[in-house]
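Below is one structure, written out as structure tokens, with a few remarks after it.
The values are calculated or read from the model by the stated rules, or taken from the named source; none is laboratory data. What you are looking at is a predicted structure, and each value in this text was computed from that prediction instead of being measured. Every residue, glycine among them, receives a Cβ derived from its backbone with ideal geometry; neighbour counts consider all protein chains shown. With ligands, DNA and RNA removed, areas are computed over all heavy atoms of the protein, side chains included. Shrake-Rupley method; radii C 1.70, N 1.55, O 1.52, S 1.80 Å.
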Amino acid sequence: MIRVGLGYDFHRLVEGRRLVLGGIEIPHEKGLLGHSDADVVLHAVIDAFLGAANLGDIGDLFPDDDAAFKDADSRELLKVAMAKVGAAGWKAANIDLNVLAERPKLKPYKEAMRASIADLIGLEVDAVSVKAKTREGLGDVGRGEAIEVHCVVLLSKV
């Protein structure tokens, strides 16, 4: 048996925060606003895995009004989510991500993000796709005010 999960996340860029995407820090004058480290990539991955396993969503597991998750490292949140997915009898087959950002340009960081995500999930790097897209200057992402991520995962029954 296999299942597909769709994950999505969106965070506003603000000054005074680190920019963390896919578990790696990327040099930029702004970072993402959020209760945790706001790693929009890993948040979309978590949502996709939880959805495919029918385990709710990231807000169910890590509510943004819970002080325990204030400034939390999303790599650790992903590990917790993956343990739940595994306990439910599922394992990852592959991940496909679209990361929409006007700035910073993400091409130099795609391979590091792939490697980081693969390591966190326990997949080979060739099972993780990270595509960097822009919004051609349109909307809040296009104006460089936010980053948006879409993620699809495939799970197979253990």
Quiz item: Taking the range 99-109 as the search range and keeping residues that are touching a residue at least 40 places away in the same chain (Cβ under 8 Å) and open to solvent by 50 Å² or more (accessible area, probe 1.4 Å), which one is farthest from Gly144 (Cα to Cα)?
Solution: Tyr109
Quiz item: Which one is nearest to Val85 (Cα to Cα), of the residues in the range 133-157 that are among the hydrophobic types (A, V, I, L, M, F, W, C), open to solvent by 40 Å² or more (accessible area, probe 1.4 Å) and in a strand (DSSP E or B)?
Solution: Leu154
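Quick one: which helices (runs of 4 or more DSSP H) lie wholly within the range 33-129 and hold at least 2 residues that are of a type in the set (Gly, Ala, Ser) and farther than 24 Å from Gly139 by Cβ?
40-52, 74-87, 110-121
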Practice problem: Take Ala67 and decide whether it is closer than 25 Å to Val4 by Cα and open to solvent by 50 Å² or more (accessible area, probe 1.4 Å). | Solution: no
Quiz item: Is at least one residue of the range 39-57 in contact with a strand residue (DSSP E or B) (Cβ under 9 Å, 6 or more places away or on another chain), under 23 Å from Gly144 (Cβ atoms), open to solvent by 70 Å² or more (accessible area, probe 1.4 Å) and in contact (Cβ under 8 Å) with a residue 12 or more places away in the chain?
Solution: no
Exercise. Among what's in the range 110-132 and is of a type in the set (Val, Ile, Thr) and crowded, with 20+ Cβ neighbours inside 10 Å, pick the residue that is farthest from Ala81 (Cα to Cα).
Key: Val130
Quiz prompt | From Ala81, Ala93, Ala146, Ala112, residue being small (Gly, Ala, Ser), within 18 Å of Ile26 (Cα to Cα), out of contact with any Gly (no Cβ under 8 Å at 6 or more places or on another chain) and in contact (Cβ under 8 Å) with a residue 12 or more places away in the chain | solution = Ala146
Quiz item: Do the conditions hold for His28, that is, is it in contact (Cβ under 8 Å) with a residue 12 or more places away in the chain, closer than 29 Å to Arg135 by Cα and open to solvent by 40 Å² or more (accessible area, probe 1.4 Å)?
Solution: yes
